[in-house]
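Trainee: This structure is in structure tokens; I'll ask about it shortly.
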Amino acid sequence: MFKRAASKSSNVKQYQFWQHDNRPIELWSAKVIEQKADYLHNNPVEAGFVNEAHHWKYSSAIDYADGKGLINIELL
């Protein structure tokens, strides 16, 4: 699969892992930012790795649940 993806890319010769995409999403309001953060936080839940977003060790969701995550973040 990776080899086939690389054959379709002009800048990759062997294997393509990341999908190239040049369509950024503008974070123009607090509501949109919150929506995107919720989406990211819920990915481990949707994948079945954890039951609650704040249980995922590598997520900042714990910081939004009044806990302390692995890195320091500043809530907006």
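The values are calculated or read from the model by the stated rules, or taken from the named source; none is laboratory data. All of these numbers come straight from a predicted model, not from anything done at the bench. Every residue, glycine as well, gets a Cβ built from its backbone with ideal geometry; the counts of neighbours run over all protein chains shown.
Trainee: Residue under question is residue 37, and the condition is that it be outside any loop (DSSP other than H, G, I, E, B), modelled with pLDDT of 80 or more and either surrounded by fewer than 11 Cβ atoms within 10 Å (Cβ to Cβ) or among the hydrophobic types (A, V, I, L, M, F, W, C) (or both); does it hold? Show your work before the answer.
Mentor: Working: outside any loop (DSSP other than H, G, I, E, B): yes; modelled with pLDDT of 80 or more: yes; either surrounded by fewer than 11 Cβ atoms within 10 Å (Cβ to Cβ) or among the hydrophobic types (A, V, I, L, M, F, W, C) (or both): yes.
Yes: the conditions hold for residue 37.
Trainee: Turning to a different aspect of this structure: Restricted to segment 53-64, and to residues that are surrounded by 14 or more Cβ atoms within 10 Å (Cβ to Cβ) and over 21 Å from residue 25 (Cβ atoms), which residue is modelled with the lowest pLDDT? Reasoning before the result, please.
Mentor: As a first pass, look at segment 53-64 and keep what is surrounded by 14 or more Cβ atoms within 10 Å (Cβ to Cβ): 53-56, 59-64.
Okay, now just the ones that are also over 21 Å from residue 25 (Cβ atoms), so 54-56, 62-63.
Working: 54: 94, 55: 94, 56: 93, 62: 91, 63: 88.
Within segment 53-64, the match that is modelled with the lowest pLDDT is 63.
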